[in-house]
Amino acid sequence: MWHLLKPFFQWSETLWVGHFVAGNTWAFPVIETTHILALTVMFGAMILIDLRLVGLGMRKESVSLLTRNLEPYMNWGLIVMLVTGFMLFSSEAMKCYVNDGFRLKMELLVPAVLFQFTCFRWVTRQDEARRPRVLGWAASVLSTVLWMGVGVCGRAIGFV
Amino acid sequence: MSLLEICQWLQTTPISVSIRESSLMFPLIEGTHLLALGLSTGTIVVSDLRMMGLVLKKESASDVLHQILPWAIAGYFVMVVTGVLLFLSEPVKCYGNTSFRYKLLFLLLAGINVAVFHSTKVYRRMNEWEHADNPPRAAKLAGLISLISWGIVIIAGRTTAYHF
């Protein structure tokens, strides 16, 4: 599956944005730092919802109220991460292609994004009194594990 | 003993040598540092925004703050432990690193901000304004200073790894 994507990696490296990032000393650090700032905002909002789903953290508020208030921060954090992430990626796409950390990160990121905007959305919008408790637990554990995996693998790209 | 000499001595300690010589230790500790950042600073951001009256506006300010705080502190503890270990692995490099100095400076500012805000009347009498549409100026200011100083801590932390 991975090798089928090779043309996409090759194409990404030809984009002007990649050339800009690769050719400018300050671009990579600045974009990478923005990526981490967005991570902080996204993780913070998400962790509070995840904790609440298992009855921890902000217990005085309902899941749906917390989600309504924090979801914009989660989503905007994610959007900024995806944009800055692609900019970083396009500056060294072929290096990423052969990097096991990057590969695992993508293998976790795709399910994480799909999950976040389908199942997670659905569970957090349900009526808490009627929702089986196991659903909340499953959504919380899955989203925490997937996104922590994405974060750790992202950190690993520079080391492997 | 000067600060540099202390750093040079730290660099020779067994813990410093073992983290530096292991290929797995540094990435693992740094990965943990990053996850703890999400838990600690991420939740601090939410409480700062509440102090500024920008998020969870209809929820009691003290409820929001006191429910978030234990998790922020837990994450902070992990960040400090992993951060100290990362520092110990290359103290001399950190000593000469401008970004690292900024990081410590703004960590200190974040700490002072908390200490000062917690000693104000506005904090002690939060029950008087916790449902107000518009938080008092001191609360807004404390939230803003916290947001900015943590933002700079993250920026400086990330740039510590680069050599400009």
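No lab work stands behind these numbers, since they all come straight from the coordinates. Here the structure is a predicted model, which means the values were calculated and not measured. Counting neighbours? That spans all protein chains shown, and the Cβs are built from the backbone with ideal geometry, glycine included.
Sorted from fewest to most neighbouring beta carbons within 10 Å, what does the list B:Lys93, A:Lys105 look like? Walk me through the intermediate numbers first.
Working: B:Lys93 14, A:Lys105 23.
Fewest-to-most ranking of B:Lys93, A:Lys105: B:Lys93, A:Lys105.
Enumerate the calculated ³J(HN,Hα) couplings along the range A:93-101 in order (Karplus 6.51 cos²θ - 1.76 cosθ + 1.60, θ = phi - 60°), each rounded to whole Hz, writing x wherever the residue is Gly or Pro.
Those phi angles translate into 4, 6, 5, 5, 4, 9, 9, 5, x Hz.
Which shape class, rounded, prolate or oblate, goes with chain A when its Cα gyration tensor gives a ≥ b ≥ c as root eigenvalues, a/c under 1.5 marks rounded, and past that a/b bigger than b/c marks prolate? Mind dumping the intermediate values first?
Numbers: a/c = 2.73, a/b = 2.03, b/c = 1.35.
Note, shape of chain A comes out prolate.
Before rounding to the nearest 500, sum -39500 (n - 2.57) across all DSSP H runs of length at least 4 in chain B and divide by the residue total; then give [θ] at 222 nm in deg cm²/dmol.
-26000 deg cm²/dmol
In the structure displayed, which of B:Lys93/B:Lys140; B:Lys58/B:Lys121; A:Lys105/B:Lys58; A:Lys6/B:Lys93; A:Lys95/B:Lys93; A:Lys105/B:Lys57 lie more than 31 Å apart, Cα to Cα? Don't skip to the end; give the middle numbers.
Values: B:Lys93/B:Lys140 37 Å; B:Lys58/B:Lys121 22 Å; A:Lys105/B:Lys58 38 Å; A:Lys6/B:Lys93 39 Å; A:Lys95/B:Lys93 28 Å; A:Lys105/B:Lys57 36 Å.
Distance filter (> 31 Å) returns B:Lys93/B:Lys140; A:Lys105/B:Lys58; A:Lys6/B:Lys93; A:Lys105/B:Lys57.
Once you charge only the Cβ atoms, +1 for Lys and Arg and -1 for Asp and Glu, what is the size of the charge dipole of the range B:1-129 about its Cα centre, to the nearest 20 debye?
Its charge dipole is roughly 420 debye.
Which one of A:Ile36, B:Gly38, A:Gly23 has its Cα pushed farthest toward the positive end of the charge dipole of the protein assembly as shown, where Lys and Arg give +1 and Asp and Glu give -1 at the Cβ?
Positive-end residue among those listed: B:Gly38.
Which ³J(HN,Hα) values, rounded to whole Hz and listed in residue order, are derived for the range B:95-107 from phi using the Karplus coefficients 6.51, -1.76 and 1.60 in 6.51 cos²θ - 1.76 cosθ + 1.60 with θ = phi - 60°, glycine and proline given as x?
After applying 6.51 cos²θ - 1.76 cosθ + 1.60, I find 4, x, 9, 4, 4, 5, 5, 4, 4, 5, 4, 7, 4 Hz.
What are the ³J(HN,Hα) couplings of the range B:24-41, residue after residue, when phi is run through the Karplus curve with 6.51, -1.76, 1.60 and θ = phi - 60°? Round to Hz, x for glycine and proline.
Residue by residue, the range B:24-41 yields 9, 4, 4, x, 5, 5, 5, x, 5, 4, 5, 5, 5, 4, x, 5, 7, 5 Hz.
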